[in-house]
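Here is the structure we will look at.
Rule-based calculations on the coordinates, nothing more; no lab input. From a predicted model like this one, the values you see are computed outputs, not experimental measurements. Ideal geometry is used to build each Cβ from the backbone, glycine not excepted, and the neighbour counts take in all protein chains shown.
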Amino acid sequence: MSNTFGSEKNNGFRAVDTESVAQQKKQLDWINNHLKGENFIPGKYFVHAKPENDESEKIHLTILYGTHTGHSEDIAYRLFDVAEASGFDAEIFLMEEYNYPDVVKARNVLMILPTHGEGDPPVNSVDMLAFLRGEECPSLAEVNYAVLALGDKIYKSFCKAGVDFDEVMKERGANNILPIVKCDVDYEEDASNWINTILQVVREINGVESGPVAKVADKSEAKASGYSRQNPYFARVKRKVRLSGEDSRKDVYHVELDIADSGFTYEPGDNVGVFGNNPVELVTGILEFTGLDGQAEVSLKDWSLSLETALKNRLEINILTSHILAGYHELTNQEVLGKLLSNQEELDEYLYGHDVLDMLTDFPAKLTASQLVSVLPELSPRLYSIASSQKVFLDEVHITVVAVRYRNRERDRKGTCSTFLTDRIEEGSWIPVFVDRNLGFKMPEELEAPMIMVGAGTGVAPYRSFIQQRKGEHAHGESWLFFGDQHKKSDYLYREDWETYRQQGILTQLSLAFSRDQEHKVYVQHRMLEKSKELYNWLQKGAYLYVCGDKTHMAHDVHETLKAIVAAEGGLEPDKAEDFLKELKKQKRYQIDVY
């Protein structure tokens with residue numbers, strides 16, 4: 001059975017059963033049209049300091065970046081390469097490797113910061129932010145600076161890490177030479193424009209005649225010639241298997257994608273981006289409530305398509321954000337909505353679990369199809385941890401998906417991409433995907449180094465790729481998996497794999513926690529406490545520690561448990577135990593991938 005997204009006429013995209021993926025690719029021209037951001041056009045900037053400069057001297061540039069997954073690192077090195085080729089004297093530092101007091105001597109500082117989840121800065125930038133905020137940091141009145149921030153508008157704290165650095169630099173008296181640029185998930189074009197603009201600005205404020213910056217081939221350009229977020233590959237769903245048992249409260253599926261002719265390469269820890277579509281019930285509900293004609297033609301950048309297709313395939317309607325509400329308020333000018341937007345606590349409560357239909361219902365207004373489309377962002381791909389190793393599955397990539405379902409305000413709600421994968425596609429369908437590398441969650445370079453892997457639910461997915469990688473490399477380092485879920489009978493994900501790897505000795509130890517199988521709930525952190533001494537000894541002998549799963553509860557509880565273990569077994573005060581874990585993070589021996 002096919003799952004139809006759209007048709008050639010309306011320029012939608014679809015996952016269908018067909019003999020030729022080439023036919024799909026001809027139909028769907030993503031290279032220049034899909035999810036492309038608007039060009040960044042800089043406004044006027046204010047120059048607070050214009051130091052005297054000998055035009056014969058190179059302009060010194062300090063590039064500082066923090067990173068989670070590697071995207072900001074790519075931009076930073078792109079900036080460095082362009083700056084060097086354009087005649088700048090540039091230096092580049094990961095923030096944690098920079099000597100923080102040197103910032104007072106830096107003439108031109110460019111910062112690149114991603115934001116993780118609900119406003120979290122990268123771990124490798126936290127200490128520098130603390131220094132800038134602390135009493136030891138002197139006045140930075142002689143420093144010119146600018147910030148490029150990366151984020152995701154789905155989250156309320158969009159680009160907060162970049163904003164934090166921007167604000168603290170201003171507080172320290174540094175001269176903001178270009179307003180902060182905030183990039184959404186589709187950041188590449190905005191980032192390239194920022195690089196060109198900021199280098200021109202730095203030249204001008206340093207008394208050098210402005211001119212074109214150098215053109216330097218980089219990873220992003222190489223990527224553009226193949227498959228990427230902007231030009232996804234249509235992968236065939238080779239296999240789809242339910243992992244959770246009939247008695248489970250969750251629908252969890254293992255999905256195998258055929259990528260034989262994609263040219264994709266990936267490593268354990270990387271992600272797959274999947275473009276799904278919105279639940280039909282939600283699209284129908286919006287059209288019925290607004291009374292708009294689903295066949296009315298609307299424009300999305302360079303595309304013309306029907307409103308129904310836009311709502312189903314191209315626009316974010318299943319997640320309500322403050323940015324959507326703000327745009328809707330600007331359009332409708334409703335006083336009650338303005339009051340909601342001005343009260344952060346009430347706003348957070350309202351946004352949780354709601355969608356665009358809720359907004360339209362609660363704040364009704366007469367809209368045209370074009371007006372509705374104007375306040376809705378592009379539908380973003382969803383990222384899934386890769387659950388396979390290319391050493392074992394050369395032409396495949398595997399993912400683990402749990403269907404998001406809940407009921408709110410008398411309506412059944414469904415996750416956009418999760419139920420697309422679990423409910424709306426079948427084996428043989430073609431779906432648009434790309435590989436998203438994740439430098440912040442990588443196996444040890446020394447393949448024999450011990451690994452401690454902690455995961456709950458689908459957070460166990462990347463560890464399947466880790467163990468398969470070791471098997472494919474014939475590496476025999478020690479490995480220890482802590483896995484937790486609700487019931488052993490119905491929620492023991494990849495049970496056969498783990499038990500086989502355990503028997504083969506590839507997986508050295510296996511500690512299981514099934515919270516609902518006994519009167520008192522038992523979680524992975526309880527199993528860790530039971531093995532406190534042994535776990536600490538593993539860390540002492542150089543083990544790498546990985547945590548993957550729910551950020552709000554699981555990852556926090558695991559961190560606090562680790563701190564307690566280190567304090568107890570190492571004889572340390574809590575603050576020293578925290579320092580111990582921070583040092584592990586700096587050494588890349590404590591890596592976290594949470595959602």
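This ranking places C548, C137 by how few other beta-carbon atoms lie within 10 Å of each, fewest first, which gives C137, C548. Per-peptide packing, taken as the mean over residues of other Cβ atoms within 10 Å, places 422-429, 77-84 in the sequence 77-84, 422-429 from highest down. In this structure, E209 and N99 have a Cβ-Cβ separation that, at R0 = 41 Å, corresponds to a calculated FRET efficiency of about 0.80. Partner aspartates and glutamates whose Cα lies under 13 Å from the Cα of K533, excluding those fewer than 8 positions away in the same chain, are identified as E569. Per the Debye formula with a single identical scatterer at each Cα and no solvent contribution, what log10 I(q)/I(0) holds for segment 203-358 at q = 0.10, 0.18 Å⁻¹? Taking Cα atoms of segment 203-358 as identical point scatterers yields -0.69, -1.20.
Semi-axes of segment 451-594's equivalent ellipsoid from the Cα gyration tensor, sqrt of 5 times each eigenvalue, largest first, rounded to whole Å?
Values: eigenvalues 109, 74, 34 Å².
For segment 451-594, the ellipsoid semi-axes come out as 23, 19, 13 Å.
Residues K521, K312, K585, arranged from fewest to most other Cβ atoms within 10 angstrom of their Cβ, appear as K521, K585, K312.
A protection proxy built from the mean count of other Cβ atoms within 10 Å ranks the segments 256-262, 408-414, most packed first, as 256-262, 408-414.
About the Cα centre of segment 269-365, how large is the charge dipole given +1 on each Lys and Arg Cβ and -1 on each Asp and Glu Cβ? Please answer in debye to the nearest 20. Write out the running numbers ahead of the final one.
Values: 4 positive and 17 negative charges, 59 e Å.
For segment 269-365, the charge dipole is close to 280 debye.
Restricted to Cα atoms, segment 60-222 shows a radius of gyration and a Dmax of 14.7, 45 angstrom. Say the dipole of segment 451-594 comes from +1 at the beta carbon of Lys and Arg and -1 at that of Asp and Glu; which of G477, I565, Y544 then lies farthest toward its positive end? Towards the positive end, the residue furthest out is G477.
Using mean Cβ contacts within 10 Å as the protection proxy, how do 351-361, 455-465, 380-390 order, highest first?
Numbers: 351-361: 18.8, 455-465: 25.7, 380-390: 23.2.
Ranking the peptides 351-361, 455-465, 380-390 by packing returns 455-465, 380-390, 351-361.
Note: relative contact order over the chain, using C-alpha pairs below 8 Å and six or more positions apart, is 14 percent. Take every Cα pair under 8 Å in segment 451-594 that's 6+ residues apart, average their separations, divide by the length, and report that relative contact order as a whole percent. Relative contact order for segment 451-594 comes out at 25 percent. In segment 74-183, taking the dipole from charged Cβ atoms about the Cα centre, the farthest positive-side position among A149, F80, V109 is held by A149.
Taking every DSSP bridge with both residues inside the chain, close to 45 percent are antiparallel.
Past 25 Å, Cα to Cα: identify those pairs from K551/K585; K105/K182; K531/K551; K182/K586, in the order given. Walk me through the intermediate numbers first.
Working: K551/K585 17 Å; K105/K182 27 Å; K531/K551 23 Å; K182/K586 27 Å.
Where the Cα-Cα span goes over 25 Å, the pairs concerned are K105/K182; K182/K586.
Give me the distance between the Cα centres of segment 522-595 and segment 484-501, rounded to whole Å. Taking the Cα centre of each part, segment 522-595 and segment 484-501 sit 23 Å apart. Using θ = phi - 60° in the Karplus curve 6.51 cos²θ - 1.76 cosθ + 1.60, the 3J(HN,Hα) couplings for segment 565-578 round to 5, 5, 5, 6, 7, x, x, 10, 6, x, 5, 6, 5, 5 Hz; x is entered for Gly and Pro.
Report the GluC sites (Glu not before Pro) located in segment 286-363 that are in a DSSP loop and have at most 12 other Cβ atoms inside 10 Å of their Cβ, or state none. List each step's numbers first, then the result.
Numbers: sites: E288, E297, E308, E316, E330, E335, E345, E346, E349; in loops: E316.
Loop-located and lightly packed - none at all.
Just to check, using Stokes-Einstein with a Kirkwood Rh over alpha carbon pairs, what's the diffusion coefficient of the chain at 37 °C and 0.692 mPa s in µm²/s?
Working: Rh = 26.0 Å.
Answer from the Stokes-Einstein relation: 126 µm²/s.
Measuring against 26 Å, Cα to Cα, the residue pairs K240/K312; K391/K488; K471/K582; K414/K471; K240/K414; K414/K588 contain K391/K488; K471/K582; K414/K471; K414/K588 as the ones spanning a longer distance. Taken about its Cα centre, segment 60-222 carries a charge dipole of roughly 360 debye when the Cβ of each Lys and Arg holds +1 and the Cβ of each Asp and Glu holds -1.
Just want the ordering: F420, F514, F289, from fewest to most Cβ atoms lying within 10 Å of their own Cβ.
Final ranking by Cβ density, sparse to dense: F289, F514, F420.
Counting only Cβ charges, +1 for Lys and Arg and -1 for Asp and Glu, the dipole size of segment 149-303 around its Cα centre is about 340 debye.
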